[in-house]
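Notes to accompany the following structure.
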Amino acid sequence: MKQIKPVLLILSLVIAVSFLVPTLLVLPFSSEKVSGKLDEKLQKPKTTEPAIEVAVYRTKTKEIEKPDLEDYVVGVVASEMPATFQKEALKAQALTARTFIVKQLMYGGNSSLPKGAMVEDTTNFQVYQNMDELKKEWKDKYNQNIKKIRDAVEATAGQILTYNGSPITASFFSTSNGYTENSEDYWDQPVPYLKSVKSPWDISSPKFNFKEEIPVSEFENKLGVQLPNTGNVGTITSRTHGNRVGTVKIGGKQFTGREIREKLNLRSADFSWVRQGDQIIVTTKGYGHGIGMSQYGANEMAKKGKSYKDIVKYYYQGVQITNTDQFLNKATAKK
C-alpha cells in the first residue's frame with residue numbers, strides 16, 4: 001500500500017474544510033423557518049407640481065395675498081355662508097366658490113384691479129378672509145368651524161359646475177322671496193341655467209321679511225322725484241318671473257325694480273311701501289338679487305335630506321358637476 005505524501009494530505013484537508021465552513025456558519029440558523037424576506041422595489045423620484053395660487057387683492061391692507069386654490073375656497077365659504085349651516089349646504093357653497101375662481105383663472109382678471117391681482121376680497125367678486133382673520137372673528141369656535149368647512153371643501157375637491165362643457169356663472173344670494181329670479185329680469189341677459197324656480201323654504205330665513213323707514217326728503221332726492229303730500233306714492237306696473245317688481249312709476253318717472261333697490265339700498269327688489277307723515281315705510285321680501293342659489297334655501301333643503309348635488313342641480317338648471325383638471329390645465333398653460 002502506497003503512503004500518501006504529506007503535501008497531498010494537507011491539500012486534501014484544506015479543500016475539505018473550505019466546503020465545511022459555510023455549512024458550519026449556516027447550521028445555527030438552519031432550524032428556523034423563513035418568515036420573511038427582504039424585497040426590492042425601487043421607487044421613482046416623486047415630482048411635485050406647483051400649487052395653483054389665487055392672487056387676492058386685500059382691500060384693507062392694499063396688498064396681494066396668494067393662497068392656494070383650495071385654501072382660497074375655504075376662506076370664501078367661511079366668509080360667504082354661516083358655519084352653522086348644514087354640511088351639504090356648505091358643500092354646495094364650496095362648488096359655487098370653486099367654479100367662480102376656476103372661471104376667473106381661465107379667462108383672466110379684471111382691469112379695475114391692481115396689477116397682479118386676480119380678484120379682490122369683496123362682494124364685487126367673492127368675500128374672502130384668511131385664517132388669521134377667521135380666528136379673530138370666531139374666537140373659541142375657530143377650530144370646530146374651520147374643520148367643518150374644510151371637510152365640506154375637501155368633500156367637493158376637484159369639482160366645479162359646468163354647462164355645455166364650460167364653467168358656469170355660479171351666482172348666489174342670501175334669501176329669496178319664495179322664488180329665484182330669471183337672469184334676464186335683473187341683468188338683462190338670459191342665461192339658460194339661471195332660471196326662476198320656487199324656493200319655498202326661504203320663509204324660515206330670519207332675512208325673509210324686513211321693514212325700514214326712509215325720510216321722504218331722502219326718498220325724493222335719491223330717486224329724483226317729487227311726491228304728493230297725500231294719495232298715490234307710486235304704482236307697480238309689472239312684475240318679474242320671480243315675483244319681484246319689474247317696473248314702477250313714481251312721480252311721473254318709471255324705474256325698474258333693480259334701479260329702486262340700488263338707489264334706495266334695499267335688501268330686495270320685492271318691495272312695497274306706505275307713507276306715514278315724513279317717512280316712507282318700506283317692506284321687502286328676501287335678501288339679495290335673487291339669481292342662482294339661495295343660501296337659506298340650500299340650508300333648508302339640506303335639513304330635509306337633500307345632498308349638495310341635489311341642491312346645485314335644483315338652483316342651476318341643467319348643469320353638470322365636472323372635474324377641474326382640464327380647466328386648470330388650460331389656466332396654467334396660459335401663464
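The values are calculated or read from the model by the stated rules, or taken from the named source; none is laboratory data. Predicted, not measured: the structure shown is a model, and the values here were computed from it. Glycine also receives a Cβ, built like all others from the backbone with ideal geometry; neighbour counts cover every protein chain displayed.
Some points to look at:
- Within the stretch 148-165, tally of residues that are part of a loop (DSSP other than H, G, I, E, B) and surrounded by 14 or more Cβ atoms within 10 Å (Cβ to Cβ): 1
- Ile321 vs. criteria in contact (Cβ under 8 Å) with a residue 40 or more places away in the chain, within 19 Å of Ala155 (Cβ to Cβ), aliphatic (A, V, I, L, M) and not in a helix (DSSP H, G or I): yes
- Going through (1) crowded, with 22+ Cβ neighbours inside 10 Å; (2) free of Cβ contacts under 8 Å to residues at least 40 places away in the same chain; (3) among the hydrophobic types (A, V, I, L, M, F, W, C) one by one, Ile168 falls short only on (2).
- Qualifying positions in the stretch 201-219 - farther than 14 Å from Thr284 by Cβ and surrounded by fewer than 16 Cβ atoms within 10 Å (Cβ to Cβ): Ser204, Pro215, Ser217, Glu218
- Selection count, the stretch 132-147, where residues are exposed (fewer than 15 other Cβ atoms within 10 Å of the Cβ) and aliphatic (A, V, I, L, M): 0
- Being of a type in the set (A, V, I, L, M, F, W, C), free of Cβ contacts under 8 Å to residues at least 40 places away in the same chain and touching a helix residue (DSSP H, G or I) at 6+ places or on another chain (Cβ under 8 Å) is a condition met by no residue of the stretch 229-243.
- In the set (1) surrounded by fewer than 16 Cβ atoms within 10 Å (Cβ to Cβ); (2) closer than 24 Å to Thr96 by Cβ, Thr230 fails one condition alone, (2).
- Evaluated against (1) modelled with pLDDT of 95 or more; (2) outside the structural domain of Asn323 (by TED's automatic domain parsing), Asn182 falls short on exactly one condition, (2).
- Among the residues of the stretch 94-131, those that are polar (S, T, N, Q) and either part of a loop (DSSP other than H, G, I, E, B) or more than 16 Å from the chain's Cα centre (by Cα) (or both) comprise Asn110, Ser111, Ser112, Thr122, Thr123, Asn124, Gln126, Gln129, Asn130.
- Filtered residues of the stretch 171-219 (kept if among the hydrophobic types (A, V, I, L, M, F, W, C), touching a residue at least 24 places away in the same chain (Cβ under 8 Å) and closer than 30 Å to Gln326 by Cα): Phe172, Phe173, Trp187, Leu194
- Residue in the stretch 309-316 that is in a loop (DSSP other than H, G, I, E, B), in contact (Cβ under 8 Å) with a residue 40 or more places away in the chain and surrounded by fewer than 19 Cβ atoms within 10 Å (Cβ to Cβ) present: no
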